[in-house]
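Engineer: I'd like to ask some things about the structure below.
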């Protein structure tokens, strides 16, 4: 049986493989969606992702959990509609409010 060794990818390489921008990956990291030790390893300022089936599985699992926790709430609020006359100059014509 062969031993599997994952590739180490930088943020840019990881983003490219995932089909997203590196800014999105950094945002996910800031939001806590990507966790150190689980999804990536940080050594100093350098971030490394161990690319392989385990990482993909962890990302899918965490994504499903986050989707289950997030509830979509839609609130419909009545909007008060006010009509204000717009006067462009002093010689404007009278407004017809019966429309």
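Engineer: Between a first residue in the range 21-38 that is in contact (Cβ under 8 Å) with a residue 24 or more places away in the chain and a second residue that is assigned to a loop (DSSP other than H, G, I, E, B), which pairs have beta carbons less than 9 Å apart while being 6 or more apart in sequence or on different chains?
Structural biologist: Taking only residues 6 or more apart or on different chains, the pairs are 33/39.
Engineer: Only one residue in 12, 70, 27 is modelled with pLDDT of 60 or more and in contact with a helix residue (DSSP H, G or I) (Cβ under 8 Å, 6 or more places away or on another chain), so which one is that? Reasoning before the result, please.
Structural biologist: Details: 70 fails: in contact with a helix residue (DSSP H, G or I) (Cβ under 8 Å, 6 or more places away or on another chain); 27 fails: in contact with a helix residue (DSSP H, G or I) (Cβ under 8 Å, 6 or more places away or on another chain).
Every option except 12 fails the conditions.
Engineer: Here's a follow-up. Condition test on residue 55, is it surrounded by 15 or more Cβ atoms within 10 Å (Cβ to Cβ), assigned to a helix (DSSP H, G or I), over 18 Å from the mean Cα position of the chain (by Cα) and touching a residue at least 12 places away in the same chain (Cβ under 8 Å)?
Structural biologist: Details: surrounded by 15 or more Cβ atoms within 10 Å (Cβ to Cβ): yes; assigned to a helix (DSSP H, G or I): yes; over 18 Å from the mean Cα position of the chain (by Cα): yes; touching a residue at least 12 places away in the same chain (Cβ under 8 Å): yes.
So residue 55 fits the description; yes.
Engineer: Return the total of residues in the range 39-52 being farther than 10 Å from residue 9 by Cα and touching a residue at least 40 places away in the same chain (Cβ under 8 Å).
Structural biologist: The qualifying residues number 1.
The values are calculated or read from the model by the stated rules, or taken from the named source; none is laboratory data. Keep in mind that this is a model prediction, so the values were computed, not measured. Every residue, glycine among them, receives a Cβ derived from its backbone with ideal geometry; neighbour counts consider all protein chains shown.
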